[in-house]
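Please read the structure below before turning to the comments.
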Amino acid sequence: MVLIKPQIIAPDSSHWANWIDSTLDADRGRWETARGLHQKLLDQGKIPFLSWHHLQELLGIENEAKARARIAFLQSLPLIAWMGFPQEQAGLGAITDILSAEAIAVDAGCNDLTSVRDYVRQLLMRTGPGLDAIGTESWIWDVIRPEILAQRPRADMIAALSSCRFLDESQTVGQIVVQAKRSPEEIARKMANIHRQAIHEAMAADRNRTSAEARAMADEFVAGVLAMMPKRDISVRELLVSTYVNQGIDPDEITDECRLSDLSDLATFRTQLRIVAGKTGLSFERLKMVRMEHLPSWRIIRALREHGQQRDERPGSNLADSYLAVLAAYSDILYVDRRTHEDFRRVLRKEPAIAQLIGAVAKAARYSDMAEVQNQ
């Protein structure tokens, strides 16, 4: 008897979608290939991984019948892998679960990336039938799907305008605070420039986006910037401190030597920690002691952002793709498209330490390639 060590493999969302949809294909050849793939994977010791972000993409379609068929297929699978906290009976894990578990790992004393990764794998990784992962009540997904669809414009805006900045973040706090305070007229001109930049970025990110949709996206973005502005007349330093304190940074952490880019990264990280604090069971003040560079998810997302290829088109699905990239640390094989494979190649060349953290990253142009492609 030959024993095959099980491998957790993580398809991307398009692999899952094309695989499932092919099981409904009228062409007998495609139908048989799709129907037989799961057993073929299991025969090779490969267990496909499903996350909440996969499911969002699978259900975020207008075709209600196809969405239901996708759920039925997932429920029919006898063995898949997913992440979830032990106390949660059902439910697919998301990036928030991974972040929560990583923070718990650091708080428990894990002091390097690989020990954090191993702690999280042991805590969250689960295997079982599809019914255990997404439940037996299919009607729930009929209720949830409209909410998933309603969230798509927000994801589109985040992805499209991710590069928009209203300050030169290469400067330090000390360089910013000595600059002359802007008059109301200058602020209005600055906001107008940001609005124009946002429209341009929104149009460039999706060639099918209309000018009206781009303008609405820019309106929302600028409204968010204005909402962060103080309601009273304050100095530049007070403005910076107020903005960052509202995002979880302590005043004594905002020194003149700090670069705005570093403070913005920390503010994003602290905001994320505040969101997951309840899931961790730890206070936000305690979570502030967790350093972002100790978390595998943060290191992978940041490395891909810094070293990966620039994307001219940035659909909302890019946001989910960045979360799924984190699975490189939590699966044995992460299946990706050609461009993402090149992104990881660049990351490993620039940051070889990440190679010790992640499993294999393999190219798979088609879902059926997952049963053929070996570690790359």
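Screening the candidates V116, V106 for the property of being modelled with pLDDT of 95 or more, under 26 Å from V290 (Cα atoms), touching an Asp or Glu at 6+ places or on another chain (Cβ under 7 Å) and among the aliphatic types (A, V, I, L, M) yields one hit, V116. All conditions but one from (1) among the charged types (D, E, K, R); (2) over 20 Å from the mean Cα position of the chain (by Cα); (3) surrounded by 16 or more Cβ atoms within 10 Å (Cβ to Cβ) apply to E62; the one that does not is (3).
The residue of the stretch 326-367 that is most open to solvent (accessible area, probe 1.4 Å), among those that are among the small types (G, A, S) and touching a Lys or Arg at 6+ places or on another chain (Cβ under 9 Å), is A365.
Among the residues of the stretch 73-90, those identified as surrounded by 15 or more Cβ atoms within 10 Å (Cβ to Cβ) and either without any contact (Cβ under 8 Å) to a residue 24 or more places away in the chain or not in a loop (DSSP other than H, G, I, E, B) (or both) are F73, L74, Q75, I80, A81, W82, M83. Tell me yes or no: at least one residue of the stretch 283-298 is closer than 18 Å to V120 by Cβ, buried (at least 16 other Cβ atoms within 10 Å of the Cβ) and basic (K, R). No, every residue in the stretch 283-298 fails to be closer than 18 Å to V120 by Cβ, buried (at least 16 other Cβ atoms within 10 Å of the Cβ) and basic (K, R). The requirement of being touching a Gly at 6+ places or on another chain (Cβ under 9 Å), over 19 Å from F85 (Cβ atoms), modelled with pLDDT under 95 and open to solvent by 30 Å² or more (accessible area, probe 1.4 Å) is not satisfied by L167. Has the stretch 351-374 got any residue that is within 30 Å of Q87 (Cα to Cα), aromatic (F, W, Y) and either touching a helix residue (DSSP H, G or I) at 6+ places or on another chain (Cβ under 9 Å) or at pLDDT below 90 (or both)? No, that holds for no residue. Among the residues of the stretch 275-304, those identified as more than 18 Å from N246 (Cα to Cα) and touching a Ser or Thr at 6+ places or on another chain (Cβ under 8 Å) are K279, T280, I301, L304. Is there a residue being on the phi < 0 side of the Ramachandran plot and outside any helix (DSSP H, G or I) anywhere in the stretch 294-305? Yes, some residue in the stretch 294-305 is on the phi < 0 side of the Ramachandran plot and outside any helix (DSSP H, G or I).
Per the conditions (1) at pLDDT below 85; (2) farther than 30 Å from L273 by Cα; (3) loosely packed, with under 15 Cβ neighbours inside 10 Å, the sole criterion not satisfied by D206 is (3).
For D233, are the conditions met, namely being modelled with pLDDT of 90 or more, among the charged types (D, E, K, R) and exposed (fewer than 15 other Cβ atoms within 10 Å of the Cβ)? In short, no.
Here S322 clears all of (1) closer than 21 Å to S261 by Cα; (2) open to solvent by less than 50 Å² (accessible area, probe 1.4 Å); (3) out of contact with any helix residue (DSSP H, G or I) (no Cβ under 7 Å at 6 or more places or on another chain) except the condition numbered (3). Do you know which residues across the stretch 176-189 are modelled with pLDDT under 85 and either part of a helix (DSSP H, G or I) or among the β-branched types (V, I, T) (or both)? Passing the criteria: V177, V178, P184, E185, E186, I187, A188. Checked against (1) over 28 Å from I301 (Cβ atoms); (2) surrounded by 13 or more Cβ atoms within 10 Å (Cβ to Cβ); (3) modelled with pLDDT of 90 or more; (4) not hydroxyl-bearing (S, T, Y), D256 passes all but a single condition, namely (2).
When G278 is tested against (1) within 22 Å of V120 (Cα to Cα); (2) of a type outside the set (V, I, T); (3) open to solvent by less than 40 Å² (accessible area, probe 1.4 Å), just one condition goes unmet, and that condition is (3). Scanning the stretch 132-161 for residues being polar (S, T, N, Q) and either within 25 Å of Q87 (Cα to Cα) or open to solvent by less than 60 Å² (accessible area, probe 1.4 Å) (or both) gives a total of 2. Return a yes/no flag: does the stretch 190-203 have any residue that is over 23 Å from L161 (Cα atoms), at pLDDT 85 or above, part of a helix (DSSP H, G or I) and open to solvent by 50 Å² or more (accessible area, probe 1.4 Å). Checked against the condition, which is being over 23 Å from L161 (Cα atoms), at pLDDT 85 or above, part of a helix (DSSP H, G or I) and open to solvent by 50 Å² or more (accessible area, probe 1.4 Å), the stretch 190-203 yields no hits at all.
Per-residue answers, yes or no, for (1) out of contact with any Leu (no Cβ under 8 Å at 6 or more places or on another chain); (2) farther than 16 Å from Y335 by Cβ:
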residue	(1), (2)
W19	no, no
D25	yes, yes
E32	yes, yes
H38	no, no
K46	yes, no
F49	no, no
W52	no, yes
L55	no, yes
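Within the stretch 250-274, residues that are closer than 18 Å to G174 by Cα have Cβ atoms under 7 Å from residues that are open to solvent by 30 Å² or more (accessible area, probe 1.4 Å) and aliphatic (A, V, I, L, M) in these pairs: P251/V241; P251/V245; I254/V241; L260/L167, counting only partners at least 6 apart in sequence or on another chain.
The values are calculated or read from the model by the stated rules, or taken from the named source; none is laboratory data. All values derive from a computational prediction rather than experimental measurement. FYI the Cβ positions are ideal-geometry reconstructions off the backbone, even for glycines, and counts take in every protein chain you see. Calculation scope for accessible area: heavy atoms of the full protein, side chains included, ligands and nucleic acids excluded. Shrake-Rupley method; radii C 1.70, N 1.55, O 1.52, S 1.80 Å.
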